[in-house]
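Read the structure below first, then the notes.
The values are calculated or read from the model by the stated rules, or taken from the named source; none is laboratory data. Keep in mind that what you see is a predicted model, and the values were worked out from it rather than measured. Quick reminder, even Gly has a Cβ in these numbers, built from the backbone with ideal geometry, and neighbours come from all protein chains shown. Side chains are part of the model used for accessible areas, which takes the heavy atoms of the whole protein and leaves out ligands, DNA and RNA. Shrake-Rupley method; radii C 1.70, N 1.55, O 1.52, S 1.80 Å.
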Amino acid sequence: MAQKQCPNLVFTVRRSEPELIAPSKPTPLEWKLLSDIDDQHSLRFQLPLIQFYRNNDVNSSINKDPVKVIRDALAEALVFYYPFAGRLREGPGGKLIVECTGEGVLFMEADADVRMEQFGEELLPPFPCFEELLYNVPGSDAILNSPLLLVQVTRILCGGFIFTLRINHTLSDGTRVAQFVKAMGEMARGARTPSVRPVWQRELLGARDPPHVTCTHHEYDDVVDTKGTTVSLLADVDHRSFLFGSTELLTLRKLIPQHLSKCSTFDVLTACLWRCRTIALQLDPNQEVRILCVVNIQGRLRKLLPNGYYGNGIVFPAAISTVEKLSQNSLAYALELVMNAKYSVTDEYVKSAADLMVTKGRPHFPIPGSWFVSDTTRLGIKDADFGWGKAEYSGLATGRVGAILGLISFYLPFRNDR
C-alpha cells in the first residue's frame, strides 16, 4: 500500500549561520583507531536521521526553546561521546583514526513556515524540502578532516520542531546513533550522565594477527559491470514508502512451505521484494544478483559486544542467484537463500569479515546486481525525549544514501488506524 503524503509541499526555512558545538567540559586529546568493520569503504558515507516533535503544553507554558535545550544537551552528551567532536584522519593502509581534538560538531537553528499536519496524514520518507531541514553546509560532508556530526533544529508554526542529524557512518551505525540521541534526550531532561555509558573498545571488531579469512563473504565478491547497466538503471529508480500490514504479510505467509514456516517477517518480506525488484529491473537472465542483509551483531551475538558499544556493530551477509532462477522459481526459493545468508552470521563469521577488510584493502560491496536491505524497526531512536515527549516520526530521513543511490532500502516502524 502506497503512503498518503503531500509530495508537492513547498515551504521556506530560515537558518542561522552554522556554529561549532564543543563538549561542555574539557575532554581527552588523543587518537582512537576505528575498528576494521568501521572503516570499510562501504560505510564511508553520511547517514541522515529525522525526528518530528509536536508542541507540548507543559513545556510551552514555561517557554522552553527546543533550540537552546538541544544545543545545551548536545554539548553535555559530547563530554561522554567526545570522539564525535574530533576529526577523522586516514593512516597507513587506509586505516581510519579519530583525532580527538574537541573542535566540536556543526549545529544550526532554523525556523520554517510550515505546520506538521501539512506533511500529510502519514509521516514517512521521502520528506518534502528535506535538503532545507538538514542543510548540507558546504564542505561539511567530506569523510576526512570534517565535522563528524551535523545537527539542525527547525521550529515550525504549530509550536513543534523537527530535529535532524547527519553522522559520518564510519563512526556508528543507526542503532548506536540512536543510543547517542537518547543520551542527548536524557541530558536535556536533567540527567548528569547517560543511563547507558558509552563504550569505545573498537579493538573488539579488529582483525586478528595474523588475519585469517575462514568464511565465504559473497558481500565482497569482485564483480565487474561489463554492460554498464547498473548506474543507468538506478538513475530512474523512484523513492517512496510502501506500507505492509498484517493483511499483506499474512498473504505472503500463505505462500511459504511448511519447512520454512519459522521465517521472520524480515525474511519473507525481503525474499518477496528481492524477487519483485529483480523482475521489475528486467536484467539479463544469466546475470548474478545478490541481496545483502544488514545484521546487527549485538542482536545475534550478545557476548561479542558490550552494552554501550557505539561503533558499527553490523555485517552484511549476502545471498546470490541468477536472475533467471530468482524470477522463475517460487517465493520459497528466494526465502531459503535469504534465511541461509542471514543465519550464517556467527562469531567466526564476524571475525573473518574483519580479517577480510585487512587482507583485501577494506573493499566496497559489489555494485552490479546488488541490493541492500536494512531493518530499522527496532532502532530505538523513537524513545529519544528532549522534554517534549516521544517523536511523531523518528528514523531514517531518506533511502538515498551510500555511494550509488537506489541500492539500499530500509524497513521502518509504522502504525496507523488500519
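Some notes on this structure:
- Rounded FRET efficiency, nearest 0.05, which uses the C-beta distance separating Leu255 from Ser24 and R0 of 56 Å: 0.50
- Rounded to the nearest 0.05, the FRET efficiency derived from the C-beta distance between Lys95 and Lys325 at R0 = 41 Å is 0.55.
- Rounded to the nearest Hz, the phi-derived 3J(HN,Hα) couplings of the stretch 141-148 under the Karplus curve 6.51 cos²θ - 1.76 cosθ + 1.60 (θ = phi - 60°) are 9, 5, 6, 9, 6, 10, x, 8, where x marks glycine and proline.
- For the pair Asp222 and Arg400 in one chain, pulling the backbone fully straight at 0.36 nm per residue adds 61.7 nm over the alpha carbon distance.
- When shorter helices are ignored and each DSSP H run of at least 4 residues is given -39500 (n - 2.57), the per-residue value for the chain at 222 nm works out to -7500 deg cm²/dmol.
- Solvent-accessible area per residue for the chain (1.4 angstrom probe, square angstrom): 45 Å²
- Dipole in debye (nearest 20) - the chain, about Cα centre, beta carbon charges: Lys, Arg +1; Asp, Glu -1: 860 debye
- Cβ-based net charge around Ala73, under 13 Å, with every Lys or Arg adding one and every Asp or Glu removing one: +1
- Relative packing of peptides 18-27, 391-400 - highest average C-beta neighbours within 10 Å first: 391-400, 18-27
- Förster radius 25 Å - calculated FRET efficiency between Cys215 and Lys303 (Cβ-Cβ, nearest 0.05): 0.85
- Note on Trp31: accessible area approximately 150 square angstrom, rounded to 10, probe 1.4 Å, nucleic acids and ligands left out.
- Charged neighbours of Leu144, selected by a Cβ distance under 13 Å, balance to 0 (K, R count +1; D, E count -1).
- Solvent-accessible area of Val10, all protein chains in place: 120 Å² (probe radius 1.4 Å, heavy atoms, ligands and nucleic acids excluded).
- Each Cα pair under 8 Å and six or more residues apart adds its separation to the average, and for the chain the resulting relative contact order is 26 percent.
- Helix 265-281 and the longest principal axis of the Cα set of the chain meet at an angle near 70°.
- Charge sum, other residues only, whose C-beta stays under 11 Å from Val294's C-beta, Lys/Arg counted +1 and Asp/Glu -1: -2
- Listed residues Ala142, Pro317, Ser195: farthest to the positive end of the dipole of the chain (Cβ charges): Ser195
- Reachable aspartates and glutamates, given that their alpha-carbon falls under 16 Å from the alpha-carbon of Lys182 and they are not under 8 places away in the same chain: Asp72, Glu76, Asp173, Asp383, Asp385, Glu392
- Fraction of accessible area attributable to carbon and sulfur, the chain (%, probe 1.4 Å): 51 percent
- Since only Leu47, Ser16, Leu260 are under comparison, the one whose Cα sits farthest along the positive direction of the charge dipole of the chain, derived from C-beta charges on Lys, Arg, Asp and Glu, is Leu260.
- Structure-derived semi-axes √(5λ) of the Cα gyration tensor in Å - corresponding label in (i) 80, 31, 14; (ii) 76, 33, 20; (iii) 35, 28, 19: (iii)
- The label point for Tyr333 and the one for Gln282, both projected 7 Å from the Cα toward the Cβ, are 2.1 nm apart.
- With Cα atoms, 0 to 90° folded angle of helix 347-359 axis to the chain main axis: 90 degrees
- Members of Lys262/Lys342; Lys95/Lys351; Lys342/Lys382; Lys64/Lys390 lying beyond 19 Å, as alpha-carbon distances in this model show: Lys342/Lys382
- In this label model, Asp238 and Ser146 are separated by 3.1 nm, measuring between points 7 Å along each Cα→Cβ vector.
- Note on His364: accessible area approximately 60 square angstrom, rounded to 10, probe 1.4 Å, nucleic acids and ligands left out.
- Bridge orientation summary for the chain: considering DSSP beta bridges with both residues in this region, about 70 percent are antiparallel.
- Rounded to 10°, Cα long-axis angle of helix 174-188 versus longest principal axis of the chain: 20 degrees
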